[in-house]
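The values are calculated or read from the model by the stated rules, or taken from the named source; none is laboratory data. Just so you know, these numbers come straight off a predicted model, no measurement behind them. Cβ coordinates were reconstructed from backbone atoms using ideal geometry, including for glycine residues, and neighbour counts include every protein chain displayed.
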Amino acid sequence: MSRFINSLKRFGSEEDAPTMVEYGLLVVVIALVVVVAATTLGTGITGWFTTASNYGS
């Protein structure tokens, strides 16, 4: 158990740990932007097809 705690302390004191957290947050932000963009584009494209199908009728 103490080996695990020591490895966590070492991990926290290394400079790579904050960098990994920053990259993780960056991935989350990019994923949110992609989801919002896909939702917005999907709604717009659906409207275009609805308009086009109504125009042809």
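Worth a mention:
- Residue satisfying condition, being part of a helix (DSSP H, G or I), exposed (fewer than 10 other Cβ atoms within 10 Å of the Cβ) and modelled with pLDDT under 85, within set Arg3, Arg10: Arg3
- Those residues of the range 20-57 which are polar (S, T, N, Q) and either at pLDDT below 80 or not in a helix (DSSP H, G or I) (or both), in sequence order: Ser57
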